[in-house]
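The values are calculated or read from the model by the stated rules, or taken from the named source; none is laboratory data. Remember, it's a predicted structure, so these values are computed and weren't measured experimentally. Cβ coordinates were reconstructed from backbone atoms using ideal geometry, including for glycine residues, and neighbour counts include every protein chain displayed. Accessible surface is based on the protein model in full, side chains and every heavy atom, while ligands, DNA and RNA are left aside. Shrake-Rupley method; radii C 1.70, N 1.55, O 1.52, S 1.80 Å.
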Amino acid sequence: MKLYNTKNGVVVEKDNSFYAVNTSWETLVNDDDALQTATGLLQGVKAGDASLINELLPTIGKQQELWACGVTYLRSKVGRQEESKAAGGADFYEKVYHADRPEVFFKATPHRVVGHNQQVRIRKDSTWDVPEPELTLVVTTSGKIIGYTIGNDMSSRSIEGENPLYLPQAKTYDQCAAVGPCIYLAEEPLDRSKNIQLIIKRNDAQVFEGSVDLGQLKRTPEELVSYVYREASFPNGCLIMTGTGIVPGNDFTLQSGDEISITIDGIGTLVNSVA
């Protein structure tokens, strides 16, 4: 079952049919029993078609926070080491990859997050920028993972690579993240054989393609949630990006007009253009 946050309200997809249901997004995405609640909301509602999800909003509540995790895949560790080598920061990424404590950081408030088919941005003071495709956890106040969405953690490699202490500037700015197109509700953990794919097009031509399976994620989603929630409360729940395993080569940087498509098996495809 999937949830869509639209300009006209909440839409539930079940068995390829779509249902406009009477509930608030904020209430449903912070419900420990969201799957059962959504199922109950379908009673007596007439099925519609995909036209109900034409105008999508980000899959984040108006009062939720977006957090992120880093260096959770081997490829990410190597990429961070490459970009920070000249600044002497490579050892930090080696250590955090093997440490008990993961890297977690605050990414954005909702007004800096965009949705499917909306524009993300690259910083004007950055010279090397990439999207980071990430499985994103939907977590309630109690710390329960109720579902999954797709995240694009936009990142300035030039700024973070200059000094790891510049991470907040490399990561957090207007339109620095995208989440969508839907939330996949599930009672069981997502199958780790599922694949994440990133495709970047420029002037309608593909300029990058990469993929990784969730089995390469070094830490479990539950472990990442436990560290984010360890000394922080989330009265409205939160979304947590789990890190990227796809890092374009050092010769690649995003440009205005590029189209970014991120697909995760079973969830869908998140598409954004670069402003």
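Some notes on this structure:
- For Asp174, solvent-accessible area (1.4 Å; no DNA, RNA or ligand), Å²: 80 Å²
- Prolate/oblate/rounded call for the range 85-198, Cα gyration tensor, a/c under 1.5 rounded: oblate
- Of Ala47, Ala177, Ala34, the residue with the greatest mean-square motion in the GNM of the chain, using alpha carbon springs below 10 Å, is Ala47.
- The modelled label-to-label distance for the pair Asp174/Asp125, using points 7 Å beyond Cα in the direction of Cβ, is 1.5 nm.
- Protection proxy ranking, peptides 194-201, 152-159, 131-138, average beta carbon neighbours within 10 Å, highest first: 131-138, 152-159, 194-201
- For the peptides 92-101, 22-31, residues were scored by their other Cβ atoms within 10 Å and the scores averaged per peptide; the highest-first order is 22-31, 92-101.
- Label positions at Gln216 and Ser233, each projected 7 Å from the Cα along the C-beta direction, are separated by 4.0 nm.
- Non-local lysine pairs in the range 1-67, meaning eight or more places apart or on different chains, with alpha-carbon distances under 18 Å, amount to 4.
- Calculated translational diffusion coefficient of the range 176-239 (10 °C, 1.306 mPa s; Stokes-Einstein with Kirkwood radius over alpha-carbon pairs) equals 106 µm²/s.
- Geometric descriptor of the range 234-274, per residue, is 134 Å³ (volume of the convex hull of the Cα atoms).
- Given in Å, the Rg to one decimal and the Dmax to the nearest whole number for the Cα atoms of the range 1-51 are 10.0, 29.
- Using alpha carbons only, the radius of gyration of the range 100-165 set against its Kirkwood radius gives Rg/Rh = 1.00.
- Isotropic mean projected area of the C-alpha convex hull, the range 167-275 (nm²): 8.6 nm²
- The share of C-alpha pairs in the chain whose separation exceeds 36 Å stands at 11 percent.
- Amide H contacts for Glu103 (H built 1.01 Å from N in the peptide plane; partners 5 or more residues away or on another chain; cut-off under 5 Å): Gly70.
- For Val207, residues with placed amide H under 5 Å, excluding near neighbours: Ile200, Lys201, Arg202
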